[in-house]
Every structure is written in C-alpha cells, then in structure tokens.
Amino acid sequence: LYAEKKLEELGLKLGPLNEPIGNYVEYVQVGNLLFLAGHGARPYHDELGGLTTGPDGICRVGRDITVEQGYKFARYTGLNLITTMRKALGDLDRVKRVVKVLGMVCGAEGFGQHPKVIDGCTDLFVQVWGDAGRPARSAVGMYNLPNGIPVEIEAIVEVE
Amino acid sequence: LYAEKKLEELGLKLGPLNEPIGNYVEYVQVGNLLFLAGHGARPYHDELGGLTTGPDGICRVGRDITVEQGYKFARYTGLNLITTMRKALGDLDRVKRVVKVLGMVCGAEGFGQHPKVIDGCTDLFVQVWGDAGRPARSAVGMYNLPNGIPVEIEAIVEVE
Amino acid sequence: LYAEKKLEELGLKLGPLNEPIGNYVEYVQVGNLLFLAGHGARPYHDELGGLTTGPDGICRVGRDITVEQGYKFARYTGLNLITTMRKALGDLDRVKRVVKVLGMVCGAEGFGQHPKVIDGCTDLFVQVWGDAGRPARSAVGMYNLPNGIPVEIEAIVEVE
C-alpha cells in the first residue's frame, strides 16, 4: 500500500467520506477511467483557518486569503479527492495515472496566480504517486463557487 | 422505449434539434463515450418566461431570476441535452450511464447556490434513467455565458 | 503529412514547445484519448499586438481587445495546442478526431460573444483536419485567467 504509506509520511490522513451537496455522485467509473465530481476542502475548513469571506460572502484568493492559503485549500481539496478515490477503488495503488485536473479558483478581481494555487493539489498528487500523479491541467478563475468556497477541483484518473 | 415513456409521463417532449452557434458540433462519440457540447435552454425561453436581463445584458440567477427559475432553466437545458442524445443514439435506452456533468451557472455577485440550480438538470436525468442518470458533477459560477444565458451544461454519457 | 502541409498552406508554423507554468504536464494519453492541458497563446503575444490590459491587469475581450482580436488569440491558442499534439503524437495525421474543446474567454462585464472568439480555434482545427477537426465544444466566460490572458482552451483528441 505504497500510496497510503506516502500519505502517512506526509502527515496526512484520509478524511470523512464526501457527501454530495445535490443530486449527483462523487465518482463514476467507465472502463479504466474514473471521473471525479468537483470537490472542495470542506471537511478541513477548521484546519485551514475557516472560510474568511468578504462583503459578497465569498472567500476570494488574493482578497480574503493569500495565495499561500489558497494553495493549502487546494492541497486539502486534493486530499478530499484522494478520499473519494480510495472509496471508489478500495486501494490507492490502483491509480495508474492522474490524467486530467480542472482547478477552479475564485480569486480577487484582477487575480492571475491560479497555477500557484492549484499546485497545492497537484504537488500532493505527485508526492503520493510520483510522475503518475502529474496530470494535464487547467487552472482558471470562476466568478463564484458553491457556498463561497475559494477552490473547487475535479479530476479524471486512469485506474488499473 | 422506457426513457421516452418516462419523458412522456413527466409531460415533457423532445424539442427541436439543437443548432450549434459556431464552428462545432453538438456531440462526438468515441468508443462508448458520448461527449455533448455545452447546451443552453434556448428553445424553451418563452416557456421559461423569457430571458430577464439586468443592466449588463445578462440573466443572472439570484439577481434577475430566482434560484427556482434557474432550476427550471437547468431542467430544460437537460431536456435539450436529451434531445441531442436522442439524435446521436437513435434510442434513449442506449444511455447506459450519465457519467459526468459540468453545470455552469451565471449568478449574482455573491451567488453560492449553484448545486440547487444544476439539480434541475440532474433531477431530470434521474427521473428518466433512475440511478444511471445520476452523474459525477461540478456546479460552478461563470462570469458570463454566450448571449447572456443563465445556465449552460455539458455532459459525458456512456452508451451501449 | 497532410495536416502539416495544411498548416504550411495557411502560413502557420508550429511554435516553440509549450512549458507548463506549474506542476502539471501539457498532455496525457489514455488508450486512444489524448487529454490536453489548458493552453494560452503566450508564444505569439507579440504577433498578436501584446497583452493589452485594463486597470485590473486583465486583458478582457470586448473591453481591452476586440472580438476580432480575441478570435486571433483563440486561433494562436489552437496553434499552440497543435504544437503540443505534434509533440505527443509525432505526426499530426494521427489525430483521428478532435473530440471536445472547452474554450474559456475572459470577457468584459456584459460579454456574450464567446462562440465568436472560440471559433478562432475550431476554425483552425477544421482548416487543418476538415470535419474531423470539428469538436463538441463549450465556449464560456471566466472571471479571470492565469497572468491576465484573454483566452484559455483545453481539448480532448481521439488518436490513431
């Protein structure tokens, strides 16, 4: 159980199972592709210092939290995605390759550092799976996200 | 023709065929995956009370229409996607699983109820196909969408 | 080498190899599907007249550049995607079908002409591969993009 040992070495534990907030599921597998729903970092908000929001009720990176804090939100969003992968696959070593990540950042008005934020997620994936954890990726800026969260990430994973 | 009977029971009819507004097609199939372009609810705008827009020419959920109206836009966007699936597959019972939905909502400044809006689409898919209609999903907030529409949805479907 | 001849006829040359700006790769292939990361038009910014930005440091289509200029950004973003396909596949004729494009436009406040902008990319794909270059597509409006660019595009390609 190489990948779970890696998580342990990083001082990270798989969190509680993710619950969809709507009529959808957290993952669907078709053949050797696992499609993961958009995840946030909700179970870890306290550890992340809470959801600091501005007058619009939104937690914007570059306004309400720093890029470094945004990076941590993305890292724990990644951990949350890994929790769902564990549920889907039983064993994290069945992840053959993280194929594609769509990293969605809610940033301040003129924000442009989306890649630095979403690195929080893909750095974790690379720490856990090495080169196989490094996906094709887009990191882009949304106007707002559900319940004012600053980062939401979805992923496609190739499984064995 | 179970799925089409379900639509009938719901009082819904497949609409006119969707026409791309640009140089693209409404769907591409590769192997057993059907990729659907982003759809809006255009053929049903009149039934939905028209496209109420604000001073920026955009119909924003939570500002120009309510979440309940946004839900209906998403429902009819779902019906529009089903119309394209019908054209692509000939028979809606060939849908084995709705795999992934990306629900894009144009909301008011501090909007956070994207999941409640996009449920309009996935509730319909579940009504038509049962559990097989419940996809992995992201529901997120765009700054603006083509021609000021409030909801655009794309989908990936597994077919038999 | 039909596709590369087409590029030549169009007066276009494959550019320098794309370098990821973060912890990700430009493409991942799984089976016959090639997933391409979000690309911008960076190597061609000078040819495109530079990145004109507003007070928020962002280059917005419909505010800082025209729709026609946005179209050119999308065209060169497409060329940039083709450069990555060439690296991934060795030979552009191995592209069997451009399956899916997600075209992300950073537009002015009330912008609604995303399809006209993203046509810059898909027009190029159709010029190079004919009907096989015409994908399913979404063309939507982001709040901001990395480093203030006006257009970012990701794609899924079927390969032989």
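Values quoted throughout were computed directly from the atomic coordinates according to the rules given, and no laboratory measurement underlies them. Computed from a predicted structure; not experimentally measured. Every residue, glycine as well, gets a Cβ built from its backbone with ideal geometry; the counts of neighbours run over all protein chains shown.
Every residue, every condition in (1) over 16 Å from A:Phe35 (Cα atoms); (2) without any contact (Cβ under 8 Å) to a residue 60 or more places away in the chain; (3) touching a helix residue (DSSP H, G or I) at 6+ places or on another chain (Cβ under 6 Å), yes or no:
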position: B:Asn80; (1), (2), (3): yes, no, no
position: B:Asp91; (1), (2), (3): yes, no, no
position: B:Gly103; (1), (2), (3): no, yes, yes
position: B:Ala139; (1), (2), (3): no, yes, yes
position: B:Ile153; (1), (2), (3): yes, no, yes
Subject >> Out of A:Gly38, A:Gly112, A:Gly62, A:Gly70, sole residue that is within 30 Å of C:Ile58 (Cα to Cα) and in contact with a Phe, Trp or Tyr (Cβ under 6 Å, 6 or more places away or on another chain) >> reply: A:Gly62
Original post:
Which condition breaks for B:Thr66 when tested against (1) in contact with a helix residue (DSSP H, G or I) (Cβ under 8 Å, 6 or more places away or on another chain); (2) more than 8 Å from every other protein chain (Cβ to nearest Cβ)?
Top reply: (1)
Original post:
Which numbered condition trips up A:Asp56, out of (1) buried (at least 20 other Cβ atoms within 10 Å of the Cβ); (2) within 12 Å of chain B (Cβ to nearest Cβ); (3) not in a strand (DSSP E or B)?
Top reply: (1)
**OP:** Please work out which residue is surrounded by the fewest Cβ atoms within 10 Å (Cβ to Cβ), limiting yourself to the range A:11-29 and to residues that are within 19 Å of B:Tyr71 (Cβ to Cβ) and in contact with a Pro (Cβ under 7 Å, 6 or more places away or on another chain).
**Re:** A:Ile21
**OP:** Could you pull out the residue among C:Leu51, C:Leu92, C:Leu79 that is in contact with a His (Cβ under 7 Å, 6 or more places away or on another chain), over 22 Å from A:Cys106 (Cβ atoms) and not small (Gly, Ala, Ser)?
**Re:** C:Leu51
Original post:
Here is a list of conditions, (1) within 10 Å of chain A (Cβ to nearest Cβ); (2) surrounded by 14 or more Cβ atoms within 10 Å (Cβ to Cβ), and C:Gly40 meets all of them except one; can you say which number that is?
Top reply: (1)
Original post:
Only one residue in B:Ile118, B:Ile156, B:Ile82 is in a helix (DSSP H, G or I), within 8 Å of chain A (Cβ to nearest Cβ) and among the hydrophobic types (A, V, I, L, M, F, W, C). Which one?
Top reply: B:Ile118
**OP:** Filter the range C:50-63 for residues that are out of contact with any helix residue (DSSP H, G or I) (no Cβ under 8 Å at 6 or more places or on another chain) and among the hydroxyl-bearing types (Ser, Thr, Tyr) and give the result.
**Re:** C:Thr52
